Amino acid sequence: ERSLQRADAFLQRSLVTEAVSAEDEAARKLDPGVNGRKSLRSLQQERREQAERSVLVSCGSTTERKFLKFLSRHGDVSKCFFYESYGVYAVVEFSGRDGVASLLEAASIPSASHEATLPFKSRLLSFRTLGAGGPAAPAGLKLQPQTAVPINELIQRLSRQDSIDQQVSSLVEAYQLTEENIRLRFLVCSLLKDVAAAYFPECSVKPFGSSVNGFGKLGCDLDMFLDLDGLSGLDVKPPKSGPSLEFQMKRASSERAVTQSVLSVVGECVDQFAPGCVGVQKILNARCPLVRFAHQPSGFQCDLTANNRVAMKSTELLYLFGELDPRVRALVFTVRCWARAHGVTSSIPGAWISNFSLTVMVLFFLQRRSPALLPTLDRLRELAGPADRSVLDGSDCSFTSDFGRIGPGTNTETAEQLLVAFFDFYSSFPFSRASISIRKGREQSKPEVAPLHIQNPFETSLNVSKNVNASQLDRFVALCQESSWLLQQRETVTPGGGNAPAPWGLAALLQPSQVAGIKTRKRRRTEPASQRIKSLLESLKNQNHQKKS
Ligand code: CTP
Ligand code: MG
């Protein structure tokens, strides 16, 4: 009876919290400068702590009330939501860790009459209602979407907006990670931490990259960082005088060798024991060694790395830029979506521009506006306080994390103006001689030959876009030219009316076929550049002949 009351109280409360969070959101929109701007580190801390109190449950057939009644026997549930990924799952957060402990205590080992089970218990569970004779499909569960709307649906949605600015905010709204998706990402990291803790009890697993930098799209991969700082021998303090003890530890030839050993055993453990993790690949010889796998219950493609603290820093930096002004995220989302729609970026690694490179290009463009919309990284370093100082692997990674110190800028351009200006900017950018540097906020001369040179913000001798070849860069530039032209045509910038309005403005820009003269990647492969130049020369020759004759 008590657990039933608790379940009902939870359902009541969740209605109230929904209303309150809608209010918070409204307040944040009214005053984006003050509310809700926490540093990424404190946000992460909070999320990690929530995730530790959570479990992931495959629900089978049940109702929310029945499910919550069962859970409430073990403790107060502070958050619960459902989603679908190879079946229906629930993320359940208890208000204290004892709730999780009690739940795990009560869970049983599955019977395996023909097979054997691997002896590893985790917070990934299955809710069984044997003999209950409940409905075959989960009755009336409200499922939270964990994937982005398909591009065609997005185009339709955008076509119904009245201005390009509205189209841009609608795109961000549709693609950004939801509160639930972010919770699920932290929970998967927390589950992975339990696996790694089999070897390294003091470790933590932190998400980085687009899962947390504010630029993630629903469905993006989950980049995870296995943090062993507590055990690493970095920052060791010299012993005080008098007797002391130290651990005897094995030594390896380099930090890299240590990272490879650590990831090798953790990868093996994920492969052999971690429920839900499939397709485990250990890619230990990459510049940044990693373990890649799919986490089936969440549907996330995961990359687990260790010892890349600089990537953590660049995540913090991108987050800071994204929070400084809503137009930053608006433009980054729009450009990323545009690039994906035209095959400028791809989910497969290759010679194309990566989302990370593209984001840095947008940030650079915003630093180059007059007046600048974003400060340079050097400026952020000048503003750094003592707590912000950080030198990693010999690179100065200091920059302020205090929004208050940065102050508002004076740029008042609209998202639409910025989008047009972005395409113009890169339509005529001197890629052949200039390198893009968000540290300096101005073009630098290229230190090495590469079609596209984007200086890594922290490891400044590295080129973030080393992989990009000349033809991919050409395609990007040609598409920028086409898009700038298209956006300035009257018919594409005029909202259409009716029930199914024709794609206009940004929606027209996302339609692959609308970008005239730019062939899709597939077409292009069948007709190499040399072929196109040949036919161009051929036609010029013909014209000359005609003129002469
Ligand atoms: N990173 C980096 N240098 C690179 C590539 C990546 O520092 N050349 C860091 C960045 O902090 C980046 C993170 O690693 O955000 C994750 O890389 P990746 O998954 O490639 O990019 P995301 O920003 O996560 O974008 P996506 O949505 O495409 O995953
Ligand atoms: Mg990523």
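Structure notes:
Residue-wise test of (1) within 16 Å of ligand 2 (Cβ to nearest atom); (2) under 13 Å from the mean Cα position of the chain (by Cα); (3) surrounded by 15 or more Cβ atoms within 10 Å (Cβ to Cβ); (4) not charged (D, E, K, R).
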| position | (1), (2), (3), (4) |
| --- | --- |
| Thr178 | no, yes, no, yes |
| Phe186 | yes, yes, yes, yes |
| Lys193 | no, no, yes, no |
| Ala196 | no, no, yes, yes |
| Lys217 | yes, yes, yes, no |
| Asp223 | yes, yes, yes, no |
| Pro238 | no, no, no, yes |
| Gly242 | no, no, no, yes |
| Arg251 | no, no, no, no |
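- Residue pairs meeting the criteria (Cβ under 8 Å; at least 6 apart or on separate chains; first surrounded by fewer than 11 Cβ atoms within 10 Å (Cβ to Cβ) and aliphatic (A, V, I, L, M), in segment 128-155; second in a loop (DSSP other than H, G, I, E, B) and modelled with pLDDT of 70 or more): Ala136/Ser61; Ala137/Ser61
- Checking each residue in segment 394-410 for being surrounded by 13 or more Cβ atoms within 10 Å (Cβ to Cβ), part of a loop (DSSP other than H, G, I, E, B) and not aromatic (Phe, Trp, Tyr) picks out Cys397, Ser398, Thr400, Ser401, Asp402, Gly409.
- Selection within segment 60-97 - among the hydrophobic types (A, V, I, L, M, F, W, C), farther than 17 Å from Ser122 by Cβ and outside any helix (DSSP H, G or I): Val77, Cys80, Phe81, Phe82, Val88
- The residues of segment 88-101 that are out of contact with any Cys (no Cβ under 8 Å at 6 or more places or on another chain) and either surrounded by 15 or more Cβ atoms within 10 Å (Cβ to Cβ) or in contact (Cβ under 8 Å) with a residue 40 or more places away in the chain (or both), listed by number, are Phe94, Ser95, Gly96, Arg97, Gly99, Val100.
- The set of residues in segment 193-228 being outside any strand (DSSP E or B) and away from ligand 1 (no atom under 16 Å from the Cβ) consists of Lys193, Asp194, Val195, Ala196, Ala197, Ala198, Tyr199, Phe200, Pro201, Glu202, Cys203, Leu228.
- Test for Glu413: is it within 16 Å of ligand 1 (Cβ to nearest atom), of a type in the set (D, E, K, R), surrounded by fewer than 22 Cβ atoms within 10 Å (Cβ to Cβ) and in contact (Cβ under 8 Å) with a residue 40 or more places away in the chain: no
- Restricting Arg327, Arg369, Arg340 to residues that are farther than 30 Å from Ala274 by Cα, buried (at least 17 other Cβ atoms within 10 Å of the Cβ) and within 13 Å of ligand 1 (Cβ to nearest atom) narrows the list to Arg340.
- The set of residues from segment 312-329 being at pLDDT 95 or above and under 15 Å from Val205 (Cβ atoms) comprises just one member, Thr315.
- Which numbered condition Leu290 misses (of (1) out of contact with any strand residue (DSSP E or B) (no Cβ under 6 Å at 6 or more places or on another chain); (2) hydrophobic (A, V, I, L, M, F, W, C); (3) surrounded by 18 or more Cβ atoms within 10 Å (Cβ to Cβ)): (1)
- Looking only at segment 156-168, residues that are surrounded by fewer than 17 Cβ atoms within 10 Å (Cβ to Cβ) and not basic (Lys, Arg) come to 3 in all.
- Long-range neighbours under 7 Å by Cβ, at least six apart or interchain, first residue under 30 Å from Ser346 (Cα atoms) within segment 221-236, second part of a strand (DSSP E or B) and more than 16 Å from ligand 1 (Cβ to nearest atom): Asp227/Ser204
- Given (1) in contact (Cβ under 8 Å) with a residue 40 or more places away in the chain; (2) within 22 Å of Glu179 (Cβ to Cβ), index of the condition Glu49 fails: (1)
- The C-beta contact set for segment 347-370 (first residue over 18 Å from Val420 (Cβ atoms), second residue of a type in the set (D, E, K, R) and within 14 Å of ligand 2 (Cβ to nearest atom), distance under 6 angstrom, 6+ apart or interchain) comprises Asn355/Arg336.
- Residue list for segment 310-324, restricted to those being within 11 Å of ligand 1 (Cβ to nearest atom) and touching a Leu at 6+ places or on another chain (Cβ under 6 Å): Val310, Glu316, Tyr319
- Unique residue being within 16 Å of ligand 2 (Cβ to nearest atom) and not acidic (Asp, Glu) when the list is Gly267, Gly343, Gly299: Gly299
- Test: residue in segment 203-211 that is more than 30 Å from Gln511 (Cα to Cα), away from ligand 2 (no atom under 16 Å from the Cβ) and over 21 Å from the mean Cα position of the chain (by Cα): yes
- Among the candidates Ile436, Ile518, residue that is of a type in the set (A, V, I, L, M) and at pLDDT below 80: Ile518
- Test: residue in segment 164-178 that is modelled with pLDDT of 95 or more, within 13 Å of ligand 1 (Cβ to nearest atom) and part of a helix (DSSP H, G or I): yes
The values are calculated or read from the model by the stated rules, or taken from the named source; none is laboratory data. Please read all numbers here as calculations on a predicted model, not as lab measurements. As a convention, Cβ positions derive from the backbone with ideal geometry for all residues, glycine included, and neighbour counts pool all protein chains shown.
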